[in-house]
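The values are calculated or read from the model by the stated rules, or taken from the named source; none is laboratory data. This is a predicted model, so every value here is computed, not measured. When we count neighbours, we look across all protein chains shown, and the Cβ atoms used for this are built from the backbone with ideal geometry, even at glycine. Surface areas here come from the heavy atoms of the whole protein model, side chains and all, with no ligands, DNA or RNA. Shrake-Rupley method; radii C 1.70, N 1.55, O 1.52, S 1.80 Å.
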Amino acid sequence: MEAGKEPESNTTTMRKALLIVNCIILSIGNCAGPLMMRLYFIHGGKRVWFSSWLETGAWPIILLPIACAYFHRSRNQPSSQNKLFFMKPPLFLAAAVIGVLTGLDDYLYAYGVARLPVSTSALIIASQLAFTAGFAFVLVKQKFTSYSINAVFLLTIGAGVLAMHTSGDRPANESNREYVLGFLMTLGASALYGFILPLVELTYKKAKQEISYALVMEIQMVMCLFATGVCTIGMLVNNDFKVIPREAREYKLGETNYYVIAICTAIIWQCFFLGAIGVIFCASSLLSGIIIAVLLPVTEILAVIFYKESFHAEKGVALALSLWGFLSYFYGEIKESKKNKPAEITSVSDRQGSV
């Protein structure tokens, strides 16, 4: 019995460690990504398609961990079984479709960030959790406990509390039409990404091949490749490639800093996307949405520190509600795991007794 338990225990431990790593990666991307994108716009950047391109343009970076995983496997597996890429055509097609949707979402989000303060766009994006929960229920039959429902409710209320002070955040040089359009675009981005997260989970479930973390990285790469393709077409139509060199020369922080900001933005957004689909692989799309939502107040506080945006009492209340919702979700998960353990032990004993 001990020999049978040990591999299962090691697999569970590795999965938990992988979940923690992906949560950290997602946190870095989710908090720093909007701040870097806003930094581009507030100092003279105006190209929305270019900004959306930066969200997925660093996809070749994923080739590095994929190659590392390949060389690691080559030590333990026969060369005939080891491949650089494991993705089969149906999974490739599914990742490509999700990538096209991600490219459209990138544009909607970048347009909103160009028009709205970080704090305002962040609170709108918090509504993504409600969309994620709804689509997860429809697409992957997500089971809700009283704790997960409570978490969704508290995090959504937290976003609503923040919305109470939105009107005072509109930039002085921006028209009402631009502000409303930015609001609607960001809301559209929130709804679309709330659909994409459960769609990724559905892809994992319906894939006719075993999903490993190496394969998750391949899916991430294909998604970002096709999303970048969508944004590249937008840049070509909008003549961004001709304008970027001039925009860099006229950038308020200098030409060198312009390109440094662009490169750092692209790398940070890769952290967000890899972390998001990594959390889905280790847990669920709902947890990925909850982590994105709970980091909202952190992004708000960072915007206050770096961009001198106002911090009202509503933001403090939202922070408390978000932390409460986050703890509620994990407390429920711990209780569920403890409840399921006796059943797992009984089933193992039954199997060994029959042998």
**Prompt:** So is residue 60 under 26 Å from residue 101 (Cβ atoms), modelled with pLDDT under 90 and within 20 Å of the chain's Cα centre (by Cα) or not?
**Reply:** no
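If you check 44, 57, 103, 99, which single one turns out to be assigned to a loop (DSSP other than H, G, I, E, B), touching a Cys at 6+ places or on another chain (Cβ under 8 Å) and either open to solvent by less than 30 Å² (accessible area, probe 1.4 Å) or not hydroxyl-bearing (Ser, Thr, Tyr) (or both)? Outline the logic, then answer.
Numbers: 44 fails: touching a Cys at 6+ places or on another chain (Cβ under 8 Å); 103 fails: assigned to a loop (DSSP other than H, G, I, E, B); 99 fails: assigned to a loop (DSSP other than H, G, I, E, B).
Of the residues listed, the single one that is assigned to a loop (DSSP other than H, G, I, E, B), touching a Cys at 6+ places or on another chain (Cβ under 8 Å) and either open to solvent by less than 30 Å² (accessible area, probe 1.4 Å) or not hydroxyl-bearing (Ser, Thr, Tyr) (or both) is 57.
A quick yes/no check of all residues on (1) at pLDDT 75 or above; (2) open to solvent by 60 Å² or more (accessible area, probe 1.4 Å):
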{"position": "298", "(1), (2)": "yes, no"}
{"position": "315", "(1), (2)": "no, no"}
{"position": "319", "(1), (2)": "no, no"}
{"position": "334", "(1), (2)": "no, yes"}
{"position": "353", "(1), (2)": "no, yes"}
**Message:** Could you tell me how many of the residues in the stretch 182-192 are under 23 Å from residue 138 (Cα atoms) and surrounded by fewer than 23 Cβ atoms within 10 Å (Cβ to Cβ)?
**Reply:** 4
**Asked** Any idea which of (1) outside any helix (DSSP H, G or I); (2) in contact with a Phe, Trp or Tyr (Cβ under 8 Å, 6 or more places away or on another chain) is the one residue 252 doesn't satisfy?
**Response** (2)
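Scan the stretch 271-315 for residues that are hydroxyl-bearing (Ser, Thr, Tyr) and within 16 Å of the chain's Cα centre (by Cα) and jot them down.
Start the filter on the stretch 271-315 by keeping residues that are hydroxyl-bearing (Ser, Thr, Tyr), which leaves 284-285, 288, 299, 307, 310.
Selection gives 284, 285, 288, 299.
If only one of 90, 65 is closer than 21 Å to residue 271 by Cα, assigned to a helix (DSSP H, G or I) and modelled with pLDDT of 85 or more, which one is it? Walk me through how you get there before you give the answer.
Values: 90 fails: closer than 21 Å to residue 271 by Cα.
65 is the lone residue from the list that is closer than 21 Å to residue 271 by Cα, assigned to a helix (DSSP H, G or I) and modelled with pLDDT of 85 or more.
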**Request:** For residues that are closer than 21 Å to residue 51 by Cα and open to solvent by 20 Å² or more (accessible area, probe 1.4 Å), scanning just the stretch 269-296, find the one that is modelled with the lowest pLDDT.
**Result:** 274
**Complete:** Residue hits (the stretch 122-159; farther than 23 Å from residue 335 by Cβ and among the hydrophobic types (A, V, I, L, M, F, W, C)) are 122, 123, 124, 125, 126, 130, 131, 135, 138, 139, 159
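Quick grid of which residues meet (1) of a type in the set (S, T, N, Q); (2) touching a residue at least 40 places away in the same chain (Cβ under 8 Å):
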site	(1), (2)
17	no, no
27	yes, yes
31	no, yes
35	no, yes
46	no, yes
51	yes, yes
**Asked** When only residues in the stretch 106-120 that are open to solvent by 10 Å² or more (accessible area, probe 1.4 Å) and of a type in the set (A, V, I, L, M) count, which is modelled with the highest pLDDT?
**Response** 108
**Prompt:** Can you tell me which residues in the stretch 63-96 are closer than 28 Å to residue 262 by Cβ and surrounded by fewer than 21 Cβ atoms within 10 Å (Cβ to Cβ)?
**Reply:** 63, 64, 65, 66, 67, 68, 96
